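Single-structure report; data block below.
The values are calculated or read from the model by the stated rules, or taken from the named source; none is laboratory data. Since we're looking at a predicted model, the values are computed, not measured. Because the Cβ atoms are built from the backbone with ideal geometry, glycine has one as well, and the counts that use them run over all protein chains shown.
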Amino acid sequence: MEYSYSIVPITDEDREPVMNIFNYYVENSFAAYPEERLPGEAFDLLRQMSKGLPAASVRARDGGVVGFGMLRTHNPCPAFARTAEVTSFLRPDWTGKGVGKAVLAFLEKGAREGGITNLLASISSLNPGSIAFHARNGFVHCGRFIGVGYKLGRDFDTVWMQKKL
């Protein structure tokens with residue numbers, strides 16, 4: 001399989017594939033925190049959370065959405081206007097190919113252009129792949145909340161990582 005793709009601004013037409021990708025991780029991992037599938041309407045909330053910040057879909061050569069990434073406000077107080085949280089998900093068959101790194105670069109470029117100087121990532125302690133990905137891409141461990149999450153019958157920590165832009 002060839003992994004030819006483009007990263008483009010996310011649109012309302014991406015609703016179904018984005019939610020399908022997100023819901024895969026809801027049902028099969030600790031990468032997404034909800035315990036049950038989210039309805040398509042949750043896409044509107046994601047879009048609202050990223051309003052004014054970079055948000056992108058990853059499109060395969062055939063035009064199908066194979067991933068997405070977005071920044072969202074960390075805290076609505078103006079004192080935190082230069083800090084955003086990063087979220088990204090790829091279809092499982094598209095991981096490990098450098099696509100996540102490209103999505104992160106797209107988001108970082110948009111963040112810099114928008115005056116964002118800090119990116120944060122909240123990651124489940126039961127998601128070591130994401131922790132390693134962020135570390136490889138310049139994020140450093142900056143905090144951990146012990147036992148604050150519970151999903152699929154297991155407690156987990158949230159690991160906070162930060163990247164100064």
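I'm checking my understanding of the structure. Among residues of the stretch 54-69 that are under 13 Å from the mean Cα position of the chain (by Cα) and more than 26 Å from L152 (Cα to Cα), which one is surrounded by the most Cβ atoms within 10 Å (Cβ to Cβ)?
Once the filter is applied, the top-ranked residue is V58.
Considering (1) touching a Phe, Trp or Tyr at 6+ places or on another chain (Cβ under 8 Å); (2) small (G, A, S); (3) touching a residue at least 24 places away in the same chain (Cβ under 8 Å); (4) surrounded by fewer than 17 Cβ atoms within 10 Å (Cβ to Cβ), say which one G114 fails and leave the rest.
Failing condition for G114: (1).
Can you confirm whether F156 is aromatic (F, W, Y) and touching a Gly at 6+ places or on another chain (Cβ under 6 Å)?
Taking the combined requirement at face value, the residue satisfies it.
Being of a type in the set (D, E), exposed (fewer than 11 other Cβ atoms within 10 Å of the Cβ), without any contact (Cβ under 8 Å) to a residue 24 or more places away in the chain and on the phi < 0 side of the Ramachandran plot narrows it down to one of E27, E41, so name that one.
When all the criteria are applied, what remains is E41.
Restricted to the stretch 136-151, and to residues that are of a type in the set (A, V, I, L, M, F, W, C) and more than 15 Å from T87 (Cα to Cα), which residue is farthest from the chain's Cα centre (by Cα)?
I146
For the stretch 108-126, enumerate the residues that are touching a helix residue (DSSP H, G or I) at 6+ places or on another chain (Cβ under 9 Å) and over 16 Å from T73 (Cβ atoms).
I123, S124, S125
Go through the stretch 1-96 and tell me which strands (runs of 3 or more DSSP E), entirely inside it, have 1 or more residues that are of a type in the set (D, E) and modelled with pLDDT of 95 or more.
83-90
Taking V103, is it assigned to a helix (DSSP H, G or I), of a type in the set (V, I, T) and at pLDDT 95 or above?
Here the answer is yes, as V103 does meet what is asked.
Evaluate the following for F133: is it aromatic (F, W, Y) and closer than 20 Å to D12 by Cβ?
No.
Under 9 Å between Cβ atoms, which residue pairs at least 6 apart in sequence (or on different chains) link something in the stretch 139-158 that is at positive phi with a partner that is in a strand (DSSP E or B) and loosely packed, with under 13 Cβ neighbours inside 10 Å?
G147/D155
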